[in-house]
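Reviewing the structure listed below.
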């Protein structure tokens, strides 16, 4: 931390000197512009950027498909507006991997392509999507996936289970965008205020989005397990449906708490969701005892399904914790 004493110039103007090493690092000199951002009781200052877009350049020679996809995703989440990928000569496989990865990321498009270089750019207008909207969409898709995964398991519907698995990509796209937006807000002090969201709330939304992404992953896991069974004993079916409904209630209640503007009501809903999680632990133990009476294959697969449902409820409980923290910040 650097501390400076406030001075008065001209009898009415308050001034504070800037640390020399900071000005040198950012190329600030006489006549440079500094942006001030007010956020509650804090005042942030940053070098004026003139709306410039940030560009990242990456040498991709030697990267396999998985490494290349991860590299593009990492640069996107890190907040680069323009991503330039260079190598001696782009192969067909590299072009395909880059194109497929870009399609899986909101707003990212190929804008230039040569024999040795591909350039991607984020064409998303920041006003087109907000953190609350993205999280609401993640919530809808993830909970629908969970419902359909259980239905596919019980009704032995391979087409529905395949559809659930495919929809996981939609949740991943929103999760990547939320991560990108959150990191961008950390770097740009004025942006959270412009969006009407303070930093603490952005953190709570980001944390909740991570839980929703995990719920979608467990819905996918259940859908994958459904391919391993052709019939489930009625007693187990009834128990799994009960566990699913209880888990779904936790997630819904927690999301209501997270998006509730009234702090007292948000806390009430968050406490309700966390109490529901505690009740589910008893239900899970009962189902485990029931599943252990089955043959090895059924016990193994259905045990994984029950575990995914219970974990989904726990992730809902984590969302409730974020809701409580968000509510605590409000007067």
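Yes or no: the stretch 221-240 includes at least one residue that is out of contact with any helix residue (DSSP H, G or I) (no Cβ under 8 Å at 6 or more places or on another chain) and within 21 Å of residue 138 (Cβ to Cβ). No, there is no match, as no residue in the stretch 221-240 is out of contact with any helix residue (DSSP H, G or I) (no Cβ under 8 Å at 6 or more places or on another chain) and within 21 Å of residue 138 (Cβ to Cβ).
Given 318, 314, 271, which one is within 20 Å of residue 202 (Cβ to Cβ) and in the same structural domain as residue 144 (by TED's automatic domain parsing)?
Numbers: 314 fails: within 20 Å of residue 202 (Cβ to Cβ); 271 fails: within 20 Å of residue 202 (Cβ to Cβ).
Sole residue among the options that is within 20 Å of residue 202 (Cβ to Cβ) and in the same structural domain as residue 144 (by TED's automatic domain parsing): 318.
Of the residues making up the stretch 130-153, those that are touching a residue at least 60 places away in the same chain (Cβ under 8 Å), farther than 12 Å from residue 212 by Cβ and surrounded by fewer than 17 Cβ atoms within 10 Å (Cβ to Cβ) are 130, 132, 147.
Restricting the stretch 75-92 to residues that are assigned to a loop (DSSP other than H, G, I, E, B) and under 29 Å from the mean Cα position of the chain (by Cα), which is surrounded by the fewest Cβ atoms within 10 Å (Cβ to Cβ)? Ranking the qualifying residues of the stretch 75-92, first place goes to 78.
Screening the candidates 111, 118 for the property of being crowded, with 19+ Cβ neighbours inside 10 Å and either in contact with a strand residue (DSSP E or B) (Cβ under 9 Å, 6 or more places away or on another chain) or under 19 Å from residue 57 (Cβ atoms) (or both) yields one hit, 118.
So how many residues does the stretch 280-304 have that are touching a residue at least 24 places away in the same chain (Cβ under 8 Å) and closer than 18 Å to residue 249 by Cβ? Walk me through it before giving the result.
The initial filter retains those residues of the stretch 280-304 that are touching a residue at least 24 places away in the same chain (Cβ under 8 Å), namely 280-281, 283-284, 286-287, 290-291, 294, 297-298, 301-302, 304.
From what's left, closer than 18 Å to residue 249 by Cβ: 280-281, 283-284, 286-287.
Of the residues in that region, 6 qualify.
Yes or no, residue by residue, for (1) under 24 Å from the mean Cα position of the chain (by Cα); (2) part of a helix (DSSP H, G or I); (3) at pLDDT 95 or above; (4) loosely packed, with under 15 Cβ neighbours inside 10 Å:
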position	(1), (2), (3), (4)
203	yes, yes, no, no
210	yes, yes, yes, no
215	yes, yes, yes, no
220	yes, yes, yes, no
232	no, no, no, no
235	no, yes, no, yes
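Each residue in the stretch 269-296 was checked for being surrounded by 15 or more Cβ atoms within 10 Å (Cβ to Cβ) and in a helix (DSSP H, G or I), and 15 pass.
The values are calculated or read from the model by the stated rules, or taken from the named source; none is laboratory data. Being a predicted model, the structure only gives us computed values, none of them experimental. Positions of Cβ are generated from backbone atoms using ideal geometry, with glycine treated the same way; all protein chains shown enter the neighbour counts.
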